[in-house]
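Enquirer: Here you go, one structure.
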Amino acid sequence: MNTNNKLVVSKQQRIKTLAKNYDSYDFFNLLTGPEMLSTVEALLPEDHRERQFPPTETLSMFVAQAMNEDRSCQKAVNDAAVKRVVSGLSPCSTFTGGYCQARQRLPLEMVSTLVRFTGEQMNNQAPDEWRWHGKRVYLIDGTTITLPDTAANQAVYPREGGQKPELGFAISRLVGVLCLSSGAVLNAALGKFSGKGASEQDLLRTLLDTFKVGDLVIGDAFFGTYFLLASLYERKIDAVFEQFGARKRVADFRKGKHLGAKDHIIVFARPNHKPDLL
């Protein structure tokens, strides 16, 4: 095993160890700590009540549940009940119904805002020497996810084309922005799997305010289109994308200004059509 692979394995093992040793009380202390308390309180629902599972405690349990090898709701509730007794608090029921309902009451805006907030905090605290030639480097990529098969999800995120109404799950497309230095998720956009305005480029255009002047964005060939490159150039943001598949057939490396080995300047012609979001 070479040095790079050993380093990767070592980091993965360290992350697993940290995840295993963290519980909902650790996350609760983070959410209610001095750095995040004011942000968390501003996001709490105005009409929330201090039930057995208030929003902050529910979110703490949810994060711990997602990072645990046993991701069952029963495990999350059992751990919280044990912690209460150990901390000298009154025992609580270990039925999962109350916790599951509390999870459903969590405001989506609260969760998404805290993801962006913590990602930005990690990004700002990354040492300057982690940057590439002084630039902040961001990775962008997209994927698809399946959603619970509910009428509400089906109405917004239809099944894959060609499937019978009673088969399959709702599908959503997801595009995320990650910091290369810290590994933090800085932003994400969720949309339909197919149809008008449902491409990875369309979703990324809704996230362009995440980047600042001088940043470097790296992505695959799905993002190497004229209008997206033009939008980034207008914002003075650098981009490195794999050459778009169709363009490989027409790019002539014998033409254009030669800069070095496999490096030259070519000119893209502006297409006649442009995306709906522009």
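Enquirer: Residues that are closer than 30 Å to Glu200 by Cβ and either in contact (Cβ under 8 Å) with a residue 24 or more places away in the chain or polar (S, T, N, Q) (or both): does segment 82-89 have at least one?
Expert: No: segment 82-89 contains no residue that is closer than 30 Å to Glu200 by Cβ and either in contact (Cβ under 8 Å) with a residue 24 or more places away in the chain or polar (S, T, N, Q) (or both).
Enquirer: Here's something else I'd like to know. Of these, Leu114, Leu108, Leu147, which one is within 21 Å of the chain's Cα centre (by Cα), over 25 Å from Leu228 (Cα atoms) and exposed (fewer than 15 other Cβ atoms within 10 Å of the Cβ)?
Expert: The unique qualifying residue is Leu108.
Enquirer: Here's another thing I want to ask about it. Determine which member of the set Ser72, Ser60 is closer than 16 Å to Phe28 by Cα, of a type in the set (S, T, N, Q) and at pLDDT 85 or above.
Expert: Ser60
Enquirer: Out of all the residues in segment 230-270, which are under 29 Å from the mean Cα position of the chain (by Cα), surrounded by 12 or more Cβ atoms within 10 Å (Cβ to Cβ) and either in a loop (DSSP other than H, G, I, E, B) or at pLDDT below 80 (or both)?
Expert: If the condition is that a residue be under 29 Å from the mean Cα position of the chain (by Cα), surrounded by 12 or more Cβ atoms within 10 Å (Cβ to Cβ) and either in a loop (DSSP other than H, G, I, E, B) or at pLDDT below 80 (or both), then Arg235, Ile237, Glu242, Phe244 are the ones that fit.
Enquirer: List the pairs whose first member sits in segment 235-259 and is assigned by TED's automatic domain parsing to the domain that holds Arg205 and at positive phi, whose second member is modelled with pLDDT of 85 or more and among the aliphatic types (A, V, I, L, M), and whose Cβ atoms are under 6 Å apart, counting only residues at least 6 apart or on separate chains?
Expert: Lys236/Val213
The values are calculated or read from the model by the stated rules, or taken from the named source; none is laboratory data. Note that the structure is predicted; figures quoted are calculated from it, not measured. Positions of Cβ are generated from backbone atoms using ideal geometry, with glycine treated the same way; all protein chains shown enter the neighbour counts.
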